[in-house]
Amino acid sequence: MSSLNYAAPTTVDEAVKLLAGASGLAKVLSGGTDLLVQLRAGRLKPDLIVDTKKIPGIIGIRKGSDGGFVIGAATPGAEVEANAELNAAWPGLVEALDLIGSTQVQGRCSLAGNLCNASPAADSVPALYAAGAIAVVVGSKGRREVPVEQIPTGPGRTSLAKDEFILEFKLPPRGPRSADAYLRFIPRTEMDIAVVGCGINVTLDEKGVCTAARVALGAVSPTVIMVPEAAQILVGHTLDADTLAKLDAAAQAAAKPITDKRGTVEYRKKIAGVLARRVAAIAFDRAQGKTNGKAH
Amino acid sequence: MAKQHVTAVINGEETEFLCETQQTMLDVLRDVIGLTGSKEGCASGDCGACSVIVDGRLVCSCLMLGVEAEGKAITTIEGVADGETLHPVQQKFLEHAALQCGFCTPGLIVAAKALLDENPNPTETEARYWLAGNLCRCTGYDKVIRAVMDAAAVMRGEAAR
Ligand SMILES: Cc1cc2nc3c(=O)[nH]c(=O)nc-3n(C[C@H](O)[C@H](O)[C@H](O)COP(=O)(O)OP(=O)(O)OC[C@H]3O[C@@H](n4cnc5c(N)ncnc54)[C@H](O)[C@@H]3O)c2cc1C
Ligand code: FES
Ligand code: FES
């Protein structure tokens with residue numbers, strides 16, 4: 001009846017060989033919460049599905065040799081959310097992934113799927129960018145480490161070769177007075193697509209002055225974007241009114257959204273500024289130990 | 001490709017089936033195995049009518065391939081009651097009349113069971129967020145939430161069955 005093949009390899013080598021040898025379109029399957037919807041809608045007609053979830057390490061959370069967290073590419077959101085240590089070190093990344101879909105979707109959705117589906121509005125992606133996460137990519141030519149912001153190249157497109165997939169994500173080791181946060185704006189409280197999303201990660205000194213920052217915006221451009229101009233405004237400052245105003249302006253200037261049913265260009269730019277202020281405030285508070293609760 | 005042979009434990013029983021790659025777990029349950037309790041409301045992960053528990057995790061069976069079931073333990077609505085004895089969530093759905101057309105009910109009951117397996121003492125807010133992926137066009141959710149909170153109390157031994 002159909003020619004769609006399926007394989008669930010148990011090693012990286014086997015998976016890479018299958019992808020490299022596929023005659024037509026081959027798709028990697030993690031949680032399937034994007035892939036199955038696209039298959040069903042007929043938007044995608046692959047010849048081969050390579051389910052990578054049986055590869056050891058692709059699901060799970062561990063500490064790397066440098067002390068930083070390593071998150072398996074296909075680890076479901078529910079498993080990430082349940083990890084207390086990761087929550088304490090990277091509350092922004094965890095809350096961003098946790099925003100995806102329902103409890104049912106959380107049972108399957110992964111960071112790799114969210115990143116490689118390459119939607120500009122993907123919720124965990126601004127947080128991954130802000131964290132400075134590194135994707136460990138495997139393929140026929142071996143293994144390479146790629147900053148996450150180099151993976152998506154446009155809506156639904158990535159820089160990965162046909163025979164490549166992401167095995168895991170490395171987060172940098174966490175020093176003192178460092179924290180991240182993510183907020184998205186949606187018109188309701190659950191189950192919606194971001195009008196704008198913002199992830200910010202900061203490190204402060206003893207006086208609360210920012211020494212390092214990364215700022216990322218979602219849904220205001222064809223891909224999630226880094227906003228180094230906004231990060232530069234934070235560095236060397238506490239979060240005073242002047243810094244917040246400049247951060248707001250930088251986020252608005254970086255946002256190049258489109259008008260669609262979720263919002264106009266003007267509205268999205270404005271929201272980008274407002275979210276940047278709010279997310280920075282949460283990240284600074286967390287870095288100073290003032291809050292460790294969730295932003296939602 | 002020839003049909004794939006899959007072995008899984010479904011509602012406690014080892015089950016073998018054949019399926020095509022593109023058949024979802026929901027297609028397999030309904031059309032291959034004949035367990036038609038799980039419903040297809042949307043086939044896109046939005047409504048939760050197809051909810052099942054796979055190795056302890058609540059998922060939409062419409063967003064999982066049948067072939068992915070290999071080696072997994074799956075609980076569907078048909079496996080929630082203990083023989084003739086209803087699960088407290090089922091009993092309380094009846095008592096509170098937490099259903100009208102009933103299309104969403106299997107998914108809601110499976111999802112509520114998964115919640116109470118993980119968190120025997122949820123707040124109403126936790127229960128509402130947990131069930132946010134289960135859409136019901138009839139009840140307005142209030143009776144559903146009353147039933148789930150009441151079932152939780154029963155399971156903790158704080159209220160009568
Ligand atoms: C009801 C519902 C609600 C949703 N809500 C949200 C939301 O609020 N926010 C949001 O951001 N998203 C949302 N999504 C979209 C989706 O759940 C996320 O994008 C999710 O993170 C995808 O992960 P996955 O593991 O299911 O990906 P899959 O569907 O398995 O894969 C997605 C894409 O990534 C590729 N891929 C997967 N794994 C790898 C890998 N290891 N290496 C390379 N490529 C890979 C696949 O080939 C495919 O192209 C929602 C989806 C549904 C059904
Ligand atoms: S049928 Fe699966 S979520 Fe609607
Ligand atoms: S009872 Fe009709 S959809 Fe819920």
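I want to check a number: in chain B, how many lysine pairs have alpha carbons closer than 21 Å, given a sequence separation of 8 or more or different chains?
Close lysine pairs found across chain B: 9.
Given the options A:Glu149, A:Glu164, A:Glu266, state which has the largest fluctuation in a GNM of chain A using a 10 Å cut-off (strictly under) for Cα springs.
Evaluated over chain A, the most mobile residue of the options is A:Glu266.
When chain A is treated as a GNM, springs tying every alpha-carbon pair under 10 Å, which of A:Glu206, A:Glu168, A:Glu81 comes out with the largest mean-square fluctuation?
Among A:Glu206, A:Glu168, A:Glu81, the largest mean-square fluctuation in the Gaussian network model of chain A belongs to A:Glu206.
Cross-link partners among aspartates and glutamates for A:Lys290, C-alpha distance below 15 Å, same-chain residues fewer than 8 apart left out?
Candidates past the 8-residue exclusion: A:Asp180, A:Asp205, A:Glu206.
In the range B:1-35, what residues drop by 30 Å² or more in accessible surface going from the chain by itself to the full protein assembly, probe 1.4 Å?
Those are B:Met1, B:Glu20, B:Thr21, B:Gln22, which lose 30 Å² or more relative to the chain on its own.
Divide by every residue of chain A the summed helix terms, -39500 (n - 2.57) for each DSSP H run of at least 4, and state the resulting mean residue ellipticity at 222 nm, rounded to the nearest 500 deg cm²/dmol.
On the way: 11 runs with 97 residues, N = 296.
The per-residue figure over chain A is -9000 deg cm²/dmol.
Output wanted: per-residue J couplings in Hz (rounded whole) for the range B:41-53, from phi through Karplus 6.51 cos²θ - 1.76 cosθ + 1.60, θ = phi - 60°, x for Gly and Pro.
Running phi through 6.51 cos²θ - 1.76 cosθ + 1.60 with θ = phi - 60° gives x, 9, 6, 9, x, 8, 9, x, 5, 9, 4, 9, 10 Hz.
Chain pair A, B: how much accessible area is buried, both chains summed, with a 1.4 Å probe, in Å² to 100?
Numbers: alone 13410 and 8180 Å², together 19160 Å².
In total, chains A and B hide about 2400 Å² from solvent.
Given R₀ = 45 Å, what would the calculated FRET efficiency be for B:Asp55 paired with A:Gln232, taking r from the Cβ atoms and rounding to 0.05?
With a Förster radius of 45 Å, E is 0.45.
From other protein chains only, count the Cβ atoms within 10 Å of every residue's Cβ in B:62-73, then give the mean.
Numbers: counts 5, 14, 7, 10, 1, 6, 9, 0, 3, 2, 0, 0.
Taking all residues of B:62-73 together, the mean is 5.
If a/c stays under 1.5 just call it rounded; otherwise compare a/b with b/c (prolate if a/b is bigger, oblate if not). Do that for the protein assembly as shown, with a ≥ b ≥ c from the square roots of the Cα gyration tensor eigenvalues.
oblate
B:Ala160 to B:Asn119: FRET efficiency via 1/(1 + (r/R0)^6), r the Cβ-Cβ distance, R0 22 Å, to the nearest 0.05?
On the way: r = 22 Å, r/R0 = 0.98.
FRET efficiency, B:Ala160 to B:Asn119: 0.55.
Run down the aspartates and glutamates and flag those whose C-alpha is under 17 Å from the C-alpha of A:Lys45, throwing out any fewer than 8 positions away in its chain.
Cross-link targets: A:Asp34, B:Glu20.
Using protein chains only and a probe of 1.4 angstrom, how many square angstrom of A:Ser221 are accessible, to the nearest 10?
Using a 1.4 Å probe on the heavy atoms, I get roughly 30 Å².
Relative to the compact-globule scaling 2.2 N^0.38 Å, provide the ratio for the alpha-carbon radius of gyration of the range B:4-79.
On the way: Rg = 10.8 Å, N = 76, 2.2 N^0.38 = 11.4 Å.
Relative to the rule-of-thumb radius for its length, the range B:4-79 sits at 0.95.
Can you give the accessible area of A:Lys269 in Å² (nearest 10), computed on protein heavy atoms with a 1.4 Å probe?
Rounded to the nearest 10, the figure is 60 Å².
Ordering A:His237, B:His5 from largest to smallest accessible area (1.4 angstrom probe), what's the sequence? Don't jump to the answer; show the numbers that get you there.
Working: A:His237 75, B:His5 105 Å².
Ranked list, largest accessible area first: B:His5, A:His237.
Rounded to the nearest 0.05, what FRET efficiency is calculated for A:Ile258 and A:Arg188 with R0 set to 22 Å and r the Cβ-Cβ distance?
Details: r = 21 Å, r/R0 = 0.97.
For R0 = 22 Å, the calculated efficiency reads 0.55.
Could you please put A:Asp240, A:Asp51 in sequence from largest to smallest accessible area, using a 1.4 Å probe? Walk me through the intermediate numbers first.
Values: A:Asp240 65, A:Asp51 5 Å².
The most accessible residue leads, giving A:Asp240, A:Asp51.
Would you mind checking the range B:38-62 for residues with the amide N under 11 Å from a putative spin-label position 7 Å along Cα→C-beta of B:Asn11?
So the set is B:38.
Based only on Cα atoms, what mean projected area does the convex hull of the range B:88-155 have, in nm²?
Values: hull surface 14.9 nm².
With the hull built on Cα positions only, its mean projection is 3.7 nm².
Can you list the residues of the range A:111-152 with backbone N under 19 Å from a point 7 Å past the Cα of A:Ala161, pointing along Cα to Cβ?
A:135-148, A:150-152
Can you work out the accessible area per residue across the protein assembly as shown, with the rest of the protein chains kept in place, probe 1.4 Å, in square angstrom? Could you put the intermediate results ahead of the total?
On the way: 19160 Å² over 457 residues.
Accessible surface, normalised per residue, equals 42 Å².
Over 28 Å between Cα atoms: which of A:Lys54/A:Lys162; A:Lys207/A:Lys256; A:Lys63/A:Lys207; A:Lys54/A:Lys141; A:Lys162/A:Lys270 fall into that group? Display every interim value, and only then the final one.
Working: A:Lys54/A:Lys162 20 Å; A:Lys207/A:Lys256 35 Å; A:Lys63/A:Lys207 30 Å; A:Lys54/A:Lys141 22 Å; A:Lys162/A:Lys270 39 Å.
From the list (A:Lys54/A:Lys162; A:Lys207/A:Lys256; A:Lys63/A:Lys207; A:Lys54/A:Lys141; A:Lys162/A:Lys270), the Cα-Cα distance tops 28 Å for A:Lys207/A:Lys256; A:Lys63/A:Lys207; A:Lys162/A:Lys270.
Just report the Cα centroid separation between the range A:126-151 and the range B:15-55, whole Å.
Value for the Cα centre distance between the two parts: 34 Å.
Obtain the nm distance between the two label points defined at B:Cys138 and A:Ser65 by a simple spin-label model: each point lies 7 Å from its Cα along the Cα-to-C-beta direction.
About 6.1 nm, to one decimal.
Tell me the mean residue ellipticity at 222 nm calculated for chain B from its helices only (DSSP H runs of n ≥ 4, each -39500 (n - 2.57), averaged over every residue, nearest 500).
Mean residue ellipticity, 222 nm, calculated: -8000 deg cm²/dmol.
Quick check: with the 1.4 Å probe, what order do A:Asp47, B:Asp82 take by accessible area, largest first? Present the calculation step by step, with values, prior to reporting the outcome.
Numbers: A:Asp47 55, B:Asp82 120 Å².
I get B:Asp82, A:Asp47, largest accessible area first.
Given contacts defined as C-alpha pairs under 8 Å and at least six residues apart, what's the relative contact order of chain B, whole-number percent?
Working: 287 pairs, mean separation 36.8, N = 161.
Over chain B, the number comes to 23 percent.
What percentage of the solvent-accessible surface of the range A:1-109, computed with a 1.4 Å probe over protein heavy atoms, is contributed by carbon and sulfur atoms? Could you put the intermediate results ahead of the total?
On the way: 2240 of 4290 Å².
Its accessible area is 52 percent carbon and sulfur atoms.
What's the average, rounded to a whole number, of partner chain beta-carbon atoms within 10 Å of each residue's beta-carbon in B:45-56?
Details: counts 13, 6, 2, 4, 0, 1, 4, 2, 1, 2, 1, 2.
Mean partner shielding for this stretch: 3.
Using a 1.4 angstrom probe on heavy atoms only, work out the carbon and sulfur share of the accessible area of the range A:178-287 in %.
Values: 2680 of 4640 Å².
Using a 1.4 Å probe with all protein chains present, the range A:178-287 comes out at 58 percent carbon and sulfur.
The values are calculated or read from the model by the stated rules, or taken from the named source; none is laboratory data. In this text the structure is predicted, and so the values were computed from the model without any measurement. For neighbour counting, all protein chains shown are included, and Cβ atoms are generated from backbone atoms with ideal geometry for every residue, glycine included. Just so you know, the surface numbers come from the protein's heavy atoms only, side chains and all, with ligands and any DNA or RNA stripped out. Shrake-Rupley method; radii C 1.70, N 1.55, O 1.52, S 1.80 Å.
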